[in-house]
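S.K.: Starting off with a structure, shown below.
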Amino acid sequence: MSHLEELSSWFRAQCDGDWEHGDGIKIRTLDNPGWEVDISLAGTSLEDIKYDAIKINRSAMDWAHCFVRNEMFCIRCGPENLEEGIGYFLALTRGTVPYPPSDSRA
């Protein structure tokens with residue numbers, strides 16, 4: 001299953017007639033360039049999750065930052081790193097958070 005299919009499945013599982021009318025999932029572009037993804041954890045089994053931020057900076061165009069703020073899983077990443085960022089979120093949903101080398105944590 002692709003990351004997009006898995007994210008779609010997770011989204012569908014959260015839809016209860018109420019959750020989807022809130023913040024849900026927002027995907028936007030950044031002007032540096034890159035991606036900004038906010039996934040609402042409110043009302044899900046992950047809403048109280050403790051998550052160590054991930055901050056990976058390989059180059060100006062190859063980077064990924066993931067963190068939880070205000071019941072949102074936030075992904076900020078380079079233009080080619082959207083799948084990687086979504087992968088970190090999906091790992092969290094599966095309970096198998098893969099961390100990069102320890103020097104990459106924020």
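Read-outs: derived from the displayed coordinates by stated rules, not from any lab. This structure is a prediction, so every number in the text was calculated from the model and none was measured. Note: ideal-geometry Cβ built from the backbone for every residue, glycine included; neighbour counts use all protein chains shown.
S.K.: Compute the orientation-averaged projected area for the chain from the convex hull of its Cα atoms and round it to one decimal in nm². Walk me through the intermediate numbers first.
M.R.: Details: hull surface 26.9 nm².
For the chain, the mean projected area of the Cα convex hull comes to 6.7 nm².
S.K.: Between ARG12 and GLU47, with labels modelled 7 Å along Cα→Cβ, what's the label distance in nm to one decimal, could you check?
M.R.: Between ARG12 and GLU47, the simple spin-label model gives 2.4 nm.
S.K.: Now, a different point. For the chain, what does the helix formula give at 222 nm: sum of -39500 (n - 2.57) over DSSP H segments with n ≥ 4, over the residue count, nearest 500 deg cm²/dmol? Write out the running numbers ahead of the final one.
M.R.: Values: 2 runs with 25 residues, N = 106.
After summing the helix terms and dividing by the residues of the chain, the value is -7500 deg cm²/dmol.
S.K.: Return the FRET efficiency for the residue pair LYS55, ASP23: r is the Cβ-Cβ distance, R0 is 22 Å, and the value is rounded to the nearest 0.05. Numbers along the way, then the final one.
M.R.: Working: r = 23 Å, r/R0 = 1.05.
The pair LYS55/ASP23 has a calculated efficiency of 0.40.
S.K.: With axes computed from alpha carbons, what is the tilt in degrees of helix 3-14 against the longest principal axis of the chain, rounded to the nearest 10 within 0 to 90?
M.R.: 30
S.K.: Can you give the relative contact order of the range 3-98 as a percent, counting alpha carbon pairs under 8 Å and 6+ residues apart?
M.R.: 24
S.K.: As a footprinting exposure proxy, order CYS66, CYS77, CYS15 by other Cβ within 10 Å, with the fewest listed first.
M.R.: Working: CYS66 26, CYS77 23, CYS15 11.
Lowest count first: CYS15, CYS77, CYS66.
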